[in-house]
Amino acid sequence: MRIQIDYATQYSYQHTARSVVQVLRLTPRSNAGQHVVHWRVDSDPEVRLCASEDAFGNAVQTLYVYEPLDRLTLRVSGEVVTTDTSGVLAGTIERLPPEVYLRSTPLTAVDEALADLARDIEAGEGADPLDRLHALLRRLYQSIAFDTGATNATTVGAAAYALRRGVCQDFAHIFIGVARRMGSPARYVSGHLARSDGRVEQDAAHAWAEAHVPGLGWIGFDPANGICASERHVRIGTALDYLGAAPVRGSRVGGGAEHMVVTLKVQEQLQLQC
């Protein structure tokens, strides 16, 4: 599948900001399931972007603005060709052993309700880790309602599970926490989804999880949609949780209140047949 992505985030400040520093994880890397045809990140005003790589192997750009500004716009455009691998990853950059992803974080911490869920799945599915992960995928998709008004970026997975409501970020954090409790290394994935209903304009980027299974490696699970990662998923960044894989994180000096507007289009492109 050939997927075109156009993404813009505009920040406007109540007062003039004296400086801005942002860490951007907006650029995908090619692997066995996706080939980045072209990709571009621009800003307005024009600034220098310093490219690097973080500890998880994500492509990172750091933006520095040391001049006064009232607004800042980031624009991303690119095209990726994907293939369906049934969720199994290959050809990815792996800087850390899978065991690192057993480590809990505040966003993925397991409370008693999630521990009960882990025990229930273990009792019902036996010892096979892949069977357990698929059962967890089904349980979360069936029991949690997708609701953009119920949570926010700081909501922990256990709190979203208690509400039985949340967005893709919450589904991913819950999946990761329970998978780790069952002994499977798991991590957060940020990216984009070409929707199967044909809707091009979207409100936000997508998120899902990956879990490591002996003999198979890393496998993508999208509990918000009840499916494994497919050719419709464009993988951007991974980390222990949202904070490490967030598309944009930064700080500024001055500016007062901030207003942010996001526009995103993810569109399947027609591929010419010879």
Hits in the stretch 106-157 - residues which are within 26 Å of Leu216 (Cα to Cα), out of contact with any Asp or Glu (no Cβ under 6 Å at 6 or more places or on another chain), without any contact (Cβ under 8 Å) to a residue 24 or more places away in the chain and loosely packed, with under 15 Cβ neighbours inside 10 Å: Arg119, Asp120, Ala123, Gly124, Gly126, Ala127, Asp128
Sole exception among (1) in the same structural domain as Thr105 (by TED's automatic domain parsing); (2) touching a His at 6+ places or on another chain (Cβ under 6 Å); (3) not charged (D, E, K, R) for Gly255, by number: (1)
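Considering only strands (runs of 3 or more DSSP E) fully contained in the stretch 1-94, which possess at least 1 residues that are crowded, with 16+ Cβ neighbours inside 10 Å, touching a Pro at 6+ places or on another chain (Cβ under 8 Å) and modelled with pLDDT under 95? If you could, list the steps in order and put the result at the bottom.
Details: elements: 2-24, 34-44, 49-53, 59-65, 69-82.
Strands (runs of 3 or more DSSP E) meeting the threshold: 2-24, 59-65, 69-82.
Between Ala115, Ala51, which is of a type in the set (A, V, I, L, M), closer than 20 Å to Thr238 by Cβ and over 18 Å from the mean Cα position of the chain (by Cα)?
Numbers: Ala115 fails: closer than 20 Å to Thr238 by Cβ.
Going through Ala115, Ala51 in turn, the sole match is Ala51.
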Residues that are more than 19 Å from the chain's Cα centre (by Cα) and not polar (S, T, N, Q), drawn from the stretch 1-39: Met1, Arg2, Tyr11, Tyr13, His15, Ala17, Arg18, Val20, Val21, Val37, His38
Residue in the stretch 185-197 that is nearest to the chain's Cα centre (by Cα), counting only those that are closer than 20 Å to Ser77 by Cβ and not hydrophobic (A, V, I, L, M, F, W, C): Ser190
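Within the stretch 158-172, which residues are free of Cβ contacts under 8 Å to residues at least 40 places away in the same chain and either surrounded by 21 or more Cβ atoms within 10 Å (Cβ to Cβ) or small (Gly, Ala, Ser) (or both)?
The first filter runs over the stretch 158-172 and keeps only residues free of Cβ contacts under 8 Å to residues at least 40 places away in the same chain, leaving 159-160, 163-166, 170.
Hits for the stretch 158-172 are Ala159, Ala160, Gly166, Asp170.
The values are calculated or read from the model by the stated rules, or taken from the named source; none is laboratory data. Quick caveat: nothing in here was measured; it's all calculated off a predicted structure. Quick reminder, even Gly has a Cβ in these numbers, built from the backbone with ideal geometry, and neighbours come from all protein chains shown.
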